[in-house]
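The values are calculated or read from the model by the stated rules, or taken from the named source; none is laboratory data. Only a predicted model underlies this, so the values are computations on that prediction, with no experimental measurement involved. No Cβ is skipped: glycine too gets one built from the backbone with ideal geometry, and neighbour counts run over all protein chains shown.
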């Protein structure tokens, strides 16, 4: 299982023995750009910037899905948006503070 969620449905992604990355929910085949080991070799600042990009991408996906959602699905998506915005705020605080704040 990979750390990154599916960009289509936010379900877990898995790397198959063939190297292919697939979503367990919507069966989408994800491009090899999803690389869970990528951030291990980067600096903390770069890792935060990479994480920021991923959160922004998730927000974009939630926004697209929210357009077609109603009722409980819209509420669930808005909850996910709220979580993403909170995480994004924390990431940006860490970037501004040059990583001087402790992260848990």
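Could you tell me which numbered condition residue 99 fails, if it satisfies all but one of (1) in contact with a helix residue (DSSP H, G or I) (Cβ under 8 Å, 6 or more places away or on another chain); (2) modelled with pLDDT of 85 or more; (3) not in a helix (DSSP H, G or I)?
(2)
In segment 75-88, is there at least one residue being exposed (fewer than 13 other Cβ atoms within 10 Å of the Cβ) and either modelled with pLDDT under 80 or at positive phi (or both)?
no
Within segment 7-45, how many residues are at pLDDT 80 or above, exposed (fewer than 13 other Cβ atoms within 10 Å of the Cβ) and not in a loop (DSSP other than H, G, I, E, B)?
Selection size over segment 7-45: 1.
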